1. Using the structure shown, list the pairs from LYS56/LYS277; LYS217/LYS246; LYS216/LYS255; LYS83/LYS274; LYS116/LYS246 with a Cα-Cα distance above 32 Å, or answer none.
2. Of LYS228, LYS116, how do they rank once you tally other Cβ atoms within 10 Å and put the fewest first?
3. Among MET176, MET301, which comes first, second and so on when ranked by fewest other beta-carbon atoms within 10 Å?
4. Determine the gain in length on full extension of the stretch VAL77-LYS139; use 0.36 nm per residue of separation and subtract their C-alpha separation, reporting nm with one decimal.
5. Taking the alpha carbon gyration tensor of region 193-284, what are the square roots of 5 times its eigenvalues, largest first, to the nearest whole Å?
6. Which percent of the Cα-Cα distances in region 117-255 go past 20 Å?
7. If I stretch the segment between ALA233 and CYS174 completely, what's the gain in nm (0.36 nm per residue apart, minus their alpha carbon distance), one decimal?
8. Of VAL77, CYS67, PRO108, whose Cα points farthest to the positive end of the dipole of region 63-115 (charges on the beta-carbon: +1 Lys, Arg; -1 Asp, Glu; origin at the Cα centre)?
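Quick note: the coordinates plus some simple rules give every number you see, no bench work behind them. All values derive from a computational prediction rather than experimental measurement. For neighbour counting, all protein chains shown are included, and Cβ atoms are generated from backbone atoms with ideal geometry for every residue, glycine included.
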Amino acid sequence: MHYTLHQLQVFYKICKTQSITKAAEELHLTQPAVSIQLKNFQEQFEFPLTEIIGRKLYITDFGREICDAAERILTEVDAIEHKVKAFKGQLFGKLKISVVSTGKYIMPYYLTEFLKNNPGIQLQLDVTNKSKVIESLEKNEVDLSLVSILPDHLQLGSVELLENNLFLVGSNHCGMNEKKYDRKILANLPLIFREPGSGTRQSMENFLELNEIQVKKSLELTSNEAVKQAVIADLGFSVMPLIGIKNEIATGLLKLIPVDGLPITTRWNLIWQKNKKFSPVANAFLKYIEENKEQIGKQFMATGPDN
């Protein structure tokens, strides 16, 4: 047999994605290139590794055994590369972080210098809603997560980073003036919510429940960007993190509406499961954050989206 590490990597990715197309995307290869590598790899075995039923690819029992072996081999290769880098005083490996959607505006500030100083690190950054972020943390699929509302059902370690302020926002043509409104006005406004599982939605619903405000008309959208565009189009109002609407406020597309009791203030926290055994890369990043968070926070406040 004369299979290569590259063929092992391709086959392992096919097994994990159950798709040649998805494997090609994650490996940054063309679909024909992945198909050729699978064909060349398959030719070295007398038993089929995969089978096509209908239009769906399946991994055979034999293929799953080879996949498990490939995973062990690739893990050992990564370990060898890590040891070489470590011997040279360099960090090497993957840093896996999940971030709630609004957190994408601040996480780069906490990553840039660390990644510049450690070019051997591969970053995997998943930006999604809060429920999926917590799910990935529970399944041990990531090293760290960034959230603005801490889950209360997990034992966590955390590092507090910044404040997250949420204001009532309307279009520049919404007809609201600059006076401060009573919070009960929210009952009469068409409000736009994020989808269930969103931290922004949770903050918004907590505020409404605490103040016994019944919403008469609402719209639900699945991303901050969709909510932002809907508010700009004057479809309604929303309670949004200031962090993600700086440009729209500066250009006059949106405006903050003063309301008694707002802004809602939460805190951005980098979190991990308390029993998590960190890789050298994740451990180094967490140490970097703890040592530099104040300086990075000041930089963010001076140049970031909510400046």
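1. LYS56/LYS277
2. LYS116, LYS228
3. In increasing order of surrounding Cβ atoms, one gets MET301, MET176.
4. That pair, VAL77 and LYS139, stretches by 19.9 nm at full extension.
5. Equivalent-ellipsoid dimensions as semi-axes: 30, 18, 13 Å.
6. Result: 54 percent of Cα pairs exceed 20 Å.
7. Taking 0.36 nm per residue and subtracting the Cα distance, the gain is 20.3 nm.
8. It is PRO108, whose Cα lies furthest towards the positive end.
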